[in-house]
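Quick notes on the structure that follows.
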Amino acid sequence: MGVLTVATRGTDLAIAQTELIIAMLKEKRPDLDVRIKKIITSGDKDKKTALWNLPGTGFFTSQVENELLAGKADFAVHSLKDLPTAEPDRLCIAAVAVRGAVGDSVIAADGVSCIADLKRASRIGTSSLRRASQILHLRDDIEIISVRGNVSTRVELAKSGKVDAVIVAKAGLDRLGLNDEISFDFDIADFLPAPAQGALAIQCRRDDDSVAEILSLIDDKNSRVEVLAERQILVTTKCGCHGPVGAFAKITGDQICIEAFISDIVGKRFIRKKKVGKLEKAIETAQQLANELLIAGGSEILKELKNE
């Protein structure tokens with residue numbers, strides 16, 4: 001096989017993640033020659049609009065997918081949490097690499113080691129309704145500041161004092177070697193991640209069997225089952241990947257435990273539930289959990305958010 005082209009966003013994190021995937025593939029197939037093709041997405045062009053105000057879906061992924069569909073790349077690497085749940089007919093996720101860190105981290109001033117240490121009325125930077133609703137549920141005195149930009153840019157906002165703290169996915173900090181900047185990590189028991197957070201999806205065309213076979217070498221079955229169960233929460237609730245919804249699934253033996261929440265944007269009406277099911281029934285368990293959230297008041301919350 002000749003040189004393979006992998007499409008990815010051009011951010012520092014996206015490149016680091018793509019290089020990680022290439023290294024994993026070369027460990028299985030040392031003969032592979034892979035070229036990175038950087039793509040500027042619509043989400044990267046607009047760095048000011050809050051994520052919840054960006055129109056449509058796929059603003060960090062659709063331009064990358066277009067490279068695949070046009071035959072200009074052989075595969076693509078995405079942060080799986082950014083991919084819309086509705087996949088283009090001609091594309092498939094050929095592999096979900098072993099998942100990285102799942103949770104969120106806080107970068108703040110020195111001396112802050114937990115949420116209680118944040119001063120009253122602290123200004124917290126995030127562009128995620130999921131993060132905003134959870135932080136406000138825990139501390140209703142916090143002021144949420146919408147921030148955009150790559151990971152390093154957001155870290156610098158906290159270090160420079162432009163905001164008191166920022167919330168960033170721990171996996172991104174790990175992959176960029178920025179762990180030393182972390183003030184504290186949220187416990188999953190207190191702060192649920194985005195569905196599929198920390199997971200990388202490797203995508204290719206459905207009819208490209210040779211590339212799909214190579215990519216399948218790094219597919220981690222447990223990671224795939226867990227993230228698909230989490231994303232089923234989004235599918236069933238129809239809330240979109242940037243709504244105030246979080247989910248986390250964990251396989252233990254022949255069972256899977258799934259936790260999820262739906263909230264209003266200020267964290268007042270906050271509905272969180274957990275469900276355990278057989279591993280082979282992971283998707284059905286997630287569907288049942290999502291429906292329980294909707295029945296418990298989540299349906300009304302999401303309807304109001306849509307109207308707003």
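Some observations on this one:
- All conditions in (1) touching a Ser or Thr at 6+ places or on another chain (Cβ under 8 Å); (2) in a loop (DSSP other than H, G, I, E, B); (3) crowded, with 21+ Cβ neighbours inside 10 Å hold for Ile167, with the sole exception of (2).
- Close contacts from segment 234-249, counting a first residue that is closer than 12 Å to Ala196 by Cβ and of a type in the set (Phe, Trp, Tyr) and a second that is at pLDDT 85 or above and assigned to a loop (DSSP other than H, G, I, E, B), with Cβ to Cβ under 8 Å and a gap of 6+ residues or different chains, come to Phe248/Val102; Phe248/Ile188; Phe248/Leu192; Phe248/Pro193.
- Test for Asp74: is it surrounded by 14 or more Cβ atoms within 10 Å (Cβ to Cβ) and modelled with pLDDT of 95 or more: yes
- The number of residues in segment 176-204 that are out of contact with any Phe, Trp or Tyr (no Cβ under 8 Å at 6 or more places or on another chain) and part of a strand (DSSP E or B) comes to 4.
- When Ile93, Ile107, Ile142 are checked against the criterion of being of a type in the set (Val, Ile, Thr) and free of Cβ contacts under 8 Å to residues at least 40 places away in the same chain, Ile142 stands alone in meeting it.
- Hits in segment 94-153 - residues which are of a type in the set (A, V, I, L, M, F, W, C) and assigned to a loop (DSSP other than H, G, I, E, B): Ala97, Val98, Ala101, Val102, Ala109, Val112, Cys114, Leu118, Ala121, Ile142, Val147
- Residue match in segment 18-38 (condition: of a type outside the set (Phe, Trp, Tyr), surrounded by 14 or more Cβ atoms within 10 Å (Cβ to Cβ) and either in the same structural domain as Gln134 (by TED's automatic domain parsing) or modelled with pLDDT under 85 (or both)): no
- Remark: Ala199 falls outside the filter, which requires a residue to be under 24 Å from Leu302 (Cα atoms) and of a type in the set (A, V, I, L, M).
- Answer from Glu181, Glu213 - the residue that is without any contact (Cβ under 8 Å) to a residue 24 or more places away in the chain and of a type in the set (D, E, K, R): Glu213
- Members of segment 242-259 found to be surrounded by fewer than 22 Cβ atoms within 10 Å (Cβ to Cβ) and closer than 16 Å to Val96 by Cβ, listed by number: Lys250, Ile251
- The set of residues in segment 251-308 that are among the acidic types (Asp, Glu) and touching a Gly at 6+ places or on another chain (Cβ under 9 Å) comprises Glu259, Glu284, Glu292.
- Residue within segment 117-133 that is touching a residue at least 40 places away in the same chain (Cβ under 8 Å), surrounded by fewer than 24 Cβ atoms within 10 Å (Cβ to Cβ) and under 27 Å from Thr5 (Cα atoms) present: no
- Listing of helices (runs of 4 or more DSSP H) fully contained in segment 205-308 that carry 1 or more residues being more than 30 Å from Glu143 (Cβ to Cβ) and not assigned by TED's automatic domain parsing to the domain that holds Asp89: 221-237, 282-293
The values are calculated or read from the model by the stated rules, or taken from the named source; none is laboratory data. Keep in mind the model is a prediction, meaning the values are calculated, not measured. Glycine gets a Cβ as well: all are built from the backbone with ideal geometry, and neighbour counts include every protein chain shown.
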